[in-house]
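Since every read-out is calculated from the coordinates, none of them should be taken as a lab result. Everything numeric here is computed off the predicted structure, so don't read it as measured data. As a convention, Cβ positions derive from the backbone with ideal geometry for all residues, glycine included, and neighbour counts pool all protein chains shown.
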Amino acid sequence: MSEPLLRVTDLQVEFQLARGILRAVDGASFEVQPGEALGLVGESGSGKTMALRALVGLLPRTARIAGGSIEIDGEDIVRADESRRRELRGHSVSMIFQEPMTALNPVMRVGDQIAEGPLVRLGLTRRRARERAVELMRLVGIPDPLRRAEAYPHELSGGLRQRVMIAIALSSDPKLILCDEPTTALDVTIQDQILKLLRSLQERLGVTLVFVSHDLAVIAQTCSSVAVMYAGQVVETGRVEAVFREPRHPYTLGLLRSVPDFDLVHERLSSIPGAPPDLAAPPPGCRFHPRCSFAREDCIHGDFPLLQLEHARATACIHHDVCAEDVRREPVIADA
Amino acid sequence: MAAAATADALGEAIPVGQRRGFRGRWYRTPSFVAGVSILGTIVLLAVLAPLVTGFDPTYQDLNHTLQGPSWHHLLGTDDLGRDTWTRLVYGARTDLRVAFLAVLFPFTIGTVLGLFSGYYGGWVDSITSWFVNVVVAFPFYVLIIALVFALGSGTRNIYIAITLVGWVSYTRIIRGEVLVAKRRDYVLAARAGGLSDFRILFRHLLPNVITQAIVFAMSDIVLDILAIVTLGYLGLGVQPPTPDWGTMIAEGQTFLTTHWELSTIPGIAVVVTALGLSLLADGLADLLRPE
Amino acid sequence: MSLGGYVVRRLLQLVPIALGVTILVFFLIHLVPGDPARTILGNQATTVRVKLLRHAWGLDRPLPVQYLKFMGRLLHGDLGTSLFYSVGAGRLVLQRLPVTLWLIGFGAVLAVAIAVPLSAFAATHRDRLPDHIVRAVPLVGLGFPPFWLGIVLLLTFGLNLGRLFPVGGYGSGFTGHLHSMFLPALTVALGIAPILIRSLRAGLLEVFEAEYITTARSKGLPERRVLIRHALRNAIVSTVSVLGVNIGYLVGGTLVIEQVYAIPGIGQLMINSIFERDFPVVQAVTLVFSVMVVLVYLATDVAHALLDPRVRFD
């Protein structure tokens, strides 16, 4: 097995709040092989967005990386200085944002925004950069790209704007593309188109994706492996089919059971009782134990790092076999 | 009121339930507390004027003109021998009273007009907006002064002039809030329930849109005080012998080289009063904002 | 829609407002309680003389007719005749207009020079000490009566501290004007600076925290380019709007400042005419002030449309 393109170990991201320090990410570890697509899934507040932003060094003003390492192609960018991180942005790592209307500069033509990366980072001439922008727009499926390049963001539909965002992300030939819920703000039909586009781009260009979403179906459609996050920690990792078929963490199981139309066999639809914890004061022991139906005495104390299982799987639950047993009795996905 | 520029502070309409947080939080909001303290002190002094001053504000002691501060005259006397401290406190009475009252009329009229034009739209809105745009086309002070000129000076006409010009800001604010609020579910539910327009407007919409206007009214009082004092300075406002900070500043300007305190002190009074009101307005805005 | 189309549309929208303005100005005279003619001539005047004056002024005709005659004269550039000076009110205004324009221009330049750097400084150091200091300025500053501020400045720099500036008047020659008008312009500028600072700071913060700034950074662009090509370019749009709206307020402020510094502009003309009961001149000055404000608003809108492509597509 080759070296992972991205390896995150025990990442911690803190926020400085008026009432104290809040750990949005408190010990997240996962890795992605080159050319793969990793899905980072969790509810809002799980820390998935902050973890993603930390990867490219674009945390909000009040947040900072408090610990852990982020290795991109073997280089730990947490230890690097800001100018090195800036060098990596756009060229090695780029990002696609959730809301293209606010993520695009309203007073700049989209063609110029796509061409900006190549112009400044790759040193292309103005003409060549423009040509490249049009090529990229064609690549992402924007019809009539020459004319559309002259448009301003507000003149385009939501789907087209997101394609522009994707073109921008591709513009400087990155190895790794981070996607922050790129389809959440779109119509369902457009969502599907964009996801298919991302998949096909990934296959054709061989870029590596990290895809953040709260929607399991989207992850299933787009990614080959998955990391599940809860309360700032990664609680389970593995290949998508394996994890979704036989989850080895009660939270993952709960998520799967609460999705209504997931291909499905079971009649009853359950949701996980309770609410995610306040990250400024998380519960002791396993953070999920207050809501876990399999919780035992030993879940209340200690730390629960990821345990490596067989076949490139890991879980933070020490009772993962109980969980697996539950699924076998009541499968989430039908064997069809 | 005043420049439409200051009518820009807008937030969200707050469903009535959330305002109950006010009672528990007011003493923990520093700007509110500071504002109330400053303003409270000044109002108290103004109300207790006869008790905290020793002279009649119009009494002229021509043997003791232009004196400096002393035990007898705390802040000295002016060119007609009138005690400055007394005139200052009674001036607070006049100016504060007029300013507070002067806010009420534009507030009421502007709010009602804003409610109707925002809710009904159509020609009601077009006509109201036309009026708004015409008034806004004049510099605030120019219009006020022109109106005072036409109507004559004096307190009563100050109220009229300020009302005729000041309603505009309230209408804009309320109209904006209503345009947003009328699409909210509680309004749609009320209409589906067959409630009369009148009832919807005044019992459902009004309590939810009025908070922004109230916050603005607080800073509007500041602008009113400034307007009254300015009119007084120009000789178009409160007429002598009633003490007013503006006229005091004007009268003192002749003696700027020798007795600069005559013009300076009333100005400081205005600044402090305005500061108290602004702090109060900020604090109120913080408190009325949903958490 | 092109820029030209936008301008034409705005101009058309201005027509009803311009009409409204003239109606309001026209009605100023008719707001006067009692009979304007009698007020001029005094209570001693005979009924006959009053009647003659009313007829001469057309006051005995119905209101709409009077208005039409007023508009007719207006469109010919006739703003009425001064009762005090017996010359055209328009001529009087025109004579003094350059002085006021000087004050407005100089004041606006100073206001921008003060407010923009301070707001930028506050916005780039959000929630730190410089920001808190700058935010205190509007809080305290809005309570300063502009005319009082003028007196204080006059006292400090004109009379004490080495008599740096003249205490009034207009001066002669360009440098003379600069010298004489500095304190008044500064007063005007300080009058609107607090409001400007508050609005500009908010506008700048909105730009700085925008998502597209993060996008620009994610491209790995140098911070300077992010700041200038993305942040500044957007900040200018809101800045121009704020400046335009506040200039309207500034124009009105000059009226009182002219009194404080005895500057022979149209503001002083208006005040004097008020005390002389010179109705036509008061009317004329009010109208001219309004025209200036409307022109400023129009220019602001056009500048905004030039800078912000979202505006034209309405």
The range A:215-244 scanned against label point 7 Å out from A:Lys196 along Cα→C-beta; backbone N under 14 Å for A:222
Mean residue ellipticity (222 nm) of chain C, computed from DSSP H runs ≥ 4 via -39,500 (n - 2.57), nearest 500
-24500 deg cm²/dmol
DSSP-loop chymotrypsin sites (Phe, Trp or Tyr not before Pro) across the range C:256-310, with at most 10 other Cβ within 10 angstrom:
none
Enumerate the aspartates and glutamates that C:Lys51 could reach by cross-link, defined here as Cα to Cα under 18 Å, with residues fewer than 8 away along the same chain left out.
C:Asp35, C:Asp60
At 7 Å along Cα-to-Cβ for each site, give me the label-to-label distance between B:Leu188 and A:Asp326 in nm.
3.9 nm
Is any residue of the range B:35-62 close enough, with backbone N under 17 Å, to a label point placed 7 angstrom from the Cα of B:Val272 along the Cα-Cβ axis, and if so, which?
B:35-54
Report the net charge of residues surrounding A:Lys48, where surrounding means a beta-carbon distance below 11 angstrom and charges are Lys +1, Arg +1, Asp -1, Glu -1.
-2
DSSP loop (so not H, G, I, E, B), at most 11 other Cβ within 10 Å: list which trypsin sites (Lys or Arg not before Pro) in the range C:34-142 pass both filters.
C:Arg128
Quick check on chain B: what does the Kirkwood estimate of hydrodynamic radius come out to from the alpha carbon pairs, in Å?
20.7 Å
What helices in chain C pass both tests, a Cα length along the helix axis of 15 Å or more and a mean Kyte hydropathy of 1.6 or higher, using whole DSSP H runs?
C:3-31, C:279-307
Using the Cα gyration tensor of the range A:103-250, with a ≥ b ≥ c the square roots of its eigenvalues, what is the shape: rounded (a/c below 1.5), prolate (a/b larger than b/c) or oblate (neither)?
prolate
So, in nm, how far is label A:Ala242 from label B:Gln239 when the simple model puts each one 7 Å beyond its Cα toward the Cβ?
9.6 nm
As a check on your grasp of the helix formula, calculate [θ] at 222 nm for chain A: sum -39500 (n - 2.57) over DSSP H runs of n ≥ 4, divide by the residue count, round to the nearest 500.
-9500 deg cm²/dmol
For chain C, report the translational diffusion coefficient in µm²/s to the nearest whole number, using Stokes-Einstein at 20 °C, 1.002 mPa s, and a Kirkwood Rh over Cα pairs.
95 µm²/s
A:Ile318-A:Asp73 FRET efficiency (beta carbon distance; Förster radius 35 Å; 0.05 resolution):
0.55
Separation in nanometres of the label points that stand 7 Å from Cα toward Cβ, at C:Leu129 and B:Thr258:
4.6 nm
Between helix B:30-47 and chain B, what is the angle of the helix's C-alpha long axis to the longest principal axis, kept within 0 to 90° and rounded to the nearest 10?
50 degrees
Can you give the percent of C-alpha pairs in the range B:25-95 whose distance is more than 18 Å?
47 percent
Cα-based Debye curve of the protein assembly as shown sampled at q = 0.04, 0.07, 0.10 Å⁻¹ gives log₁₀ I(q)/I(0) of -0.27, -0.75, -1.20
Which net charge results for the neighbourhood of B:Gly118, defined as the other residues with beta-carbon distances under 9 angstrom from its beta-carbon, given Lys and Arg at +1 and Asp and Glu at -1?
0
Could you give the angle, 0 to 90 degrees to the nearest 10, between helix A:158-170's Cα long axis and the longest principal axis of the Cα atoms of chain A?
80 degrees
Cross-link partners of C:Lys219 among lysines (Cα-Cα below 16 Å; sequence separation of 8 or more within a chain)
A:Lys175
Between A:Ser2 and A:Asp215, how high is the FRET efficiency from 1/(1 + (r/R0)^6) when r is the Cβ-Cβ distance and R₀ = 41 Å? Nearest 0.05.
0.85
Net charge of neighbours whose Cβ lies under 12 Å from the Cβ of C:Pro280, counting Lys and Arg as +1 and Asp and Glu as -1:
0
List the pair-distance distribution P(r) of chain A, using every Cα-Cα distance, as the percent of pairs falling in each 10 Å bin from 0 up to the bin containing the longest distance, rounded to whole percents.
6, 25, 32, 24, 11, 3, 0
Hey, could you get me the Stokes-Einstein D for the range C:190-314, Kirkwood radius over alpha-carbon pairs, 10 °C and 1.306 mPa s, rounded to whole µm² s⁻¹?
92 µm²/s
Per the helix-only model, chain B has a calculated mean residue ellipticity at 222 nm (DSSP H runs of ≥4, -39500 (n - 2.57) each, divided over all residues, rounded to the nearest 500) of -22000 deg cm²/dmol
